Amino acid sequence: MQRKEVIELAAKTAYTINNEFRAALGETRKPAWDDCTPTKRESLMYGVEDVLKGATPERGHENWLAFHQREGWTYGAVEDVVAKKHPCMLHYADLPPEQRIKDTLFHASARGVLIRYGWLSA
């Protein structure tokens with residue numbers, strides 16, 4: 001597989017796993033990967049690029065935060081896509097434990113795909 005294809009597969013896999021975790025927490029599921037906006041997919045693939053560069057889950061979240069700040073998002077107790085509000089618009093250390101687990105799941109599942117296709121070593 002080409003690099004871009006592996007990045008997209010890793011992002012899709014990590015996103016899907018996180019979506020299942022959201023459901024387990026009683027949170028509303030996000031749209032399926034194919035129904036995501038191009039900006040959402042870009043953000044997720046950017047996260048996989050961070051994993052390729054050696055980012056930890058904490059660094060990945062901080063990069064996610066910076067990406068969303070550039071896109072005009074701010075903190076809000078409830079996620080609101082139209083108003084660009086999100087409860088995870090906090091530094092990693094300030095996130096509740098279950099939200100930090102989402103970062104860990106994203107990181108681990110993306111790494112797994114990248115390792116499987118030879119873009120990272122175990």
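The values are calculated or read from the model by the stated rules, or taken from the named source; none is laboratory data. This one's a predicted model, so the numbers in the text were calculated from it and none came from an experiment. Glycine also receives a Cβ, built like all others from the backbone with ideal geometry; neighbour counts cover every protein chain displayed.
Selection of region 72-90 for residues being out of contact with any Lys or Arg (no Cβ under 7 Å at 6 or more places or on another chain) and among the small types (Gly, Ala, Ser) yields ALA77, ALA83. Pairs meeting the criteria (first residue in region 70-87 and surrounded by 11 or more Cβ atoms within 10 Å (Cβ to Cβ), second residue basic (Lys, Arg) and part of a loop (DSSP other than H, G, I, E, B), beta carbons under 8 Å, at least 6 apart or on different chains) are GLU71/LYS84; TRP73/LYS84; THR74/LYS84. Any residue that is part of a helix (DSSP H, G or I) and out of contact with any helix residue (DSSP H, G or I) (no Cβ under 8 Å at 6 or more places or on another chain) - is there at least one of those in region 42-63? Checking region 42-63: at least one residue is part of a helix (DSSP H, G or I) and out of contact with any helix residue (DSSP H, G or I) (no Cβ under 8 Å at 6 or more places or on another chain).
Looking only at region 12-35, count every residue that is in a loop (DSSP other than H, G, I, E, B) and either under 13 Å from the mean Cα position of the chain (by Cα) or in contact (Cβ under 8 Å) with a residue 40 or more places away in the chain (or both) and tell me the total. Counting residues in region 12-35 that are in a loop (DSSP other than H, G, I, E, B) and either under 13 Å from the mean Cα position of the chain (by Cα) or in contact (Cβ under 8 Å) with a residue 40 or more places away in the chain (or both) gives 2. Which of the residues belonging to region 81-122 are assigned to a helix (DSSP H, G or I) and among the small types (Gly, Ala, Ser)? Selection gives ALA93, ALA108, SER109, ALA110, GLY112.
Of the listed requirements (1) farther than 19 Å from VAL6 by Cα; (2) modelled with pLDDT of 95 or more, TRP33 misses just one: (1).
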